[in-house]
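Quick one: the structure is below, questions incoming.
The values are calculated or read from the model by the stated rules, or taken from the named source; none is laboratory data. No experiment lies behind these values; they were computed from the predicted model shown.
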Amino acid sequence: MSNNPETIEIHGLNTIHKLCNFAADRDMEGSSFTEIVERMFNELNVAKAQSEPVWTSTEFMLPDDGDLVLGISTTKLAKFNVYQVVALDEFEEYGINYWMPLPDGPSESGAEG
């Protein structure tokens, strides 16, 4: 972090310019600085959540009954066992201790995005 006021001012102006472009691209004319920053962080969090699947401990939370999820457990026979889970009773039956929603399948063209 620089203590040089000129460097701080230049970086600050660059950041403000990027925020203004972000707001203009999203038709946010008349929005407050806070609204623009909040929307930017919301979009970043959504993008991050979509790009990084997260394993959830069954001690913390279970999925809704009927949700199709990927489950994982550790047993004496294998370090990891992976399951496609449909019903909540399968968690206890198979000793599943972590789960995550299934990612979206590939597009019809097979290309990502």
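Take Ile36 and decide whether it is at pLDDT 80 or above and assigned to a helix (DSSP H, G or I).
yes
Do you know which residues across region 1-22 are modelled with pLDDT under 80 and either in a loop (DSSP other than H, G, I, E, B) or of a type in the set (D, E, K, R) (or both)?
Scanning region 1-22 gives Met1, Ser2, Asn3, Asn4, Glu6, Glu9.
Could you grab me the full set of residues in region 87-105 that are aliphatic (A, V, I, L, M) and either modelled with pLDDT under 70 or within 16 Å of Glu59 (Cα to Cα) (or both)? Step through it out loud before you land on a result.
Filtering region 87-105 down to residues aliphatic (A, V, I, L, M) leaves 87-88, 96, 100, 102.
The answer is Leu88, Ile96, Met100.
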